[in-house]
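Here is the structure we will look at.
The values are calculated or read from the model by the stated rules, or taken from the named source; none is laboratory data. Computed from a predicted model, the values in this text were never measured in an experiment. All Cβ positions, even for glycine, are placed from backbone atoms using ideal geometry, and neighbour counts span all protein chains on display.
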Amino acid sequence: METHLGSKQSDSSANRHRGFQQPKLRWTIRKRSVARTSLAGVLGCCLFSLFCLVAPGKQELSSSTAGATAAEVSASSGVHKTDATIRVHSDLVLIPVTVTDKRGKAVSGLEKEHFALFEDDTEQNITYFAAEDAPASIGIVFDASGSMGSKLRKAREAVNVLLDSINPDSECFLVKFSTRARVLVPMTRRLQDVRDSVESMEVDGSTALLDGVRLAMTEMAHAQYSRKAIIIISDGEDNSSHWTVSELKAAVREQDILIYAIAITNPAQGYFSPLEKMGEALLKEIAEETGGRMFPVAKVQQLPDVADKIGGWLRNQYVLGYVPNRNAMDGTYRRIQLKITRPKGFPRFHAVWRQGYYAPKE
């Protein structure tokens, strides 16, 4: 949803902020209190240590720093990847917000006091505010179906422009989809690997768009940054996925991932088929649900410019954080509303943000 002056749209890859579920990784954060050392305490510590040595299965990681990222935890404690389920509960909800002028250029310079944030019509106290250029975890979902043949050169150029325009410390992965979807390049900071893979890509087959997006959401579990985005480049409707539209919509609502879709809309016969219109509408709905946007591209020459715009938006986001007034862990969907006061001298602008999240269940 877009609007003027008050219209709609987190940091650690493994952090699960309230309502923003992360695949496979959940954390539990507990406050620790310092107690006096006693014989009972020593015996308790010994018994606990013995339990940790012999207890099989799932483990829990406690932390006294709710804002620590997975990378920070790993660096400070030497933690390595295991099959353990890490559970972290955090009450902080993070909402990335993109503000642009009428030409689509990112608007900077807004301060915390210019924002008012609401959850289900109840105003929340903004306790966290950030507006700096920060790296992001980005997934590129690339349509390699047969119909992309004549558009492949410009689509490749769009990927290169996007990688040039994002924060240089960002990480990226590449999902290719045609008749089926697969990860060509897993999450990496070696952006050249993504460029090389796109350059050597060949096209054929049908279009499993939904499966491609779902696979990208799964790969995003390896993200190191809270700013997470999926960029879809496609020219047609889905006609080959195993995933259904309703399943994908539900999955999108459960993730804190921005989705930007570049929909190549130039039809060969001069008109759009009903399926093509449905495909474009689906991309638009999915993107806006996450706080992203769908860009219809009528001419392939526009692809690099659109990719550059998306890269700029990813580098110029505001991030608002709050602890909900309503703290019931009931699994309900919470709607997010935002109002922005335009400071004197600022142009009229639009804002987009994530429309809501699912509260965790007890």
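Taking the options V97, V175, name whichever one is surrounded by 21 or more Cβ atoms within 10 Å (Cβ to Cβ), outside the structural domain of E289 (by TED's automatic domain parsing) and not small (G, A, S).
Of V97, V175, the one residue that is surrounded by 21 or more Cβ atoms within 10 Å (Cβ to Cβ), outside the structural domain of E289 (by TED's automatic domain parsing) and not small (G, A, S) is V97.
Out of L282, L209, which single residue is aliphatic (A, V, I, L, M) and in contact with a Ser or Thr (Cβ under 8 Å, 6 or more places away or on another chain)? Please lay out each step first, then the result.
Details: L282 fails: in contact with a Ser or Thr (Cβ under 8 Å, 6 or more places away or on another chain).
Checking each option against the conditions leaves just L209.
Conditions first: (1) within 18 Å of the chain's Cα centre (by Cα); (2) closer than 17 Å to S234 by Cα; (3) surrounded by fewer than 16 Cβ atoms within 10 Å (Cβ to Cβ). G146 passes all but one, so which condition is the exception?
Here G146 meets the rest and fails (1).
Considering each residue of the range 138-174, count those that are in a helix (DSSP H, G or I) and either closer than 20 Å to A208 by Cα or touching a Phe, Trp or Tyr at 6+ places or on another chain (Cβ under 9 Å) (or both), and give that number.
Qualifying residue count, the range 138-174: 10.
With under 22 Å from Q317 (Cα atoms) and in contact with a Lys or Arg (Cβ under 8 Å, 6 or more places away or on another chain) as the only criterion, which of S226, S170 stands out?
Of S226, S170, the one residue that is under 22 Å from Q317 (Cα atoms) and in contact with a Lys or Arg (Cβ under 8 Å, 6 or more places away or on another chain) is S170.
Is it the case that some residue within the range 272-281 is on the phi < 0 side of the Ramachandran plot, of a type in the set (F, W, Y) and modelled with pLDDT of 85 or more?
no
Part of a loop (DSSP other than H, G, I, E, B), farther than 30 Å from R293 by Cα and modelled with pLDDT under 50 - does that describe any residue in the range 88-100?
no
Give the residues of the range 101-117 that are more than 10 Å from P347 (Cβ to Cβ) and in contact with a helix residue (DSSP H, G or I) (Cβ under 9 Å, 6 or more places away or on another chain), sorted by residue number.
G104, A106
Do we have any residue at all in the range 239-261 that's of a type in the set (F, W, Y), in contact with a strand residue (DSSP E or B) (Cβ under 6 Å, 6 or more places away or on another chain) and not in a strand (DSSP E or B)?
no
Within the range 123-173, how many residues are within 20 Å of G205 (Cα to Cα) and out of contact with any Asp or Glu (no Cβ under 9 Å at 6 or more places or on another chain)? Before you say what the answer is, go through the steps one by one.
At the first step, the residues of the range 123-173 found to be within 20 Å of G205 (Cα to Cα) are 140-156.
Adding the requirement that they be out of contact with any Asp or Glu (no Cβ under 9 Å at 6 or more places or on another chain) leaves 140-142, 150, 153-154.
Final tally of qualifying residues: 6.
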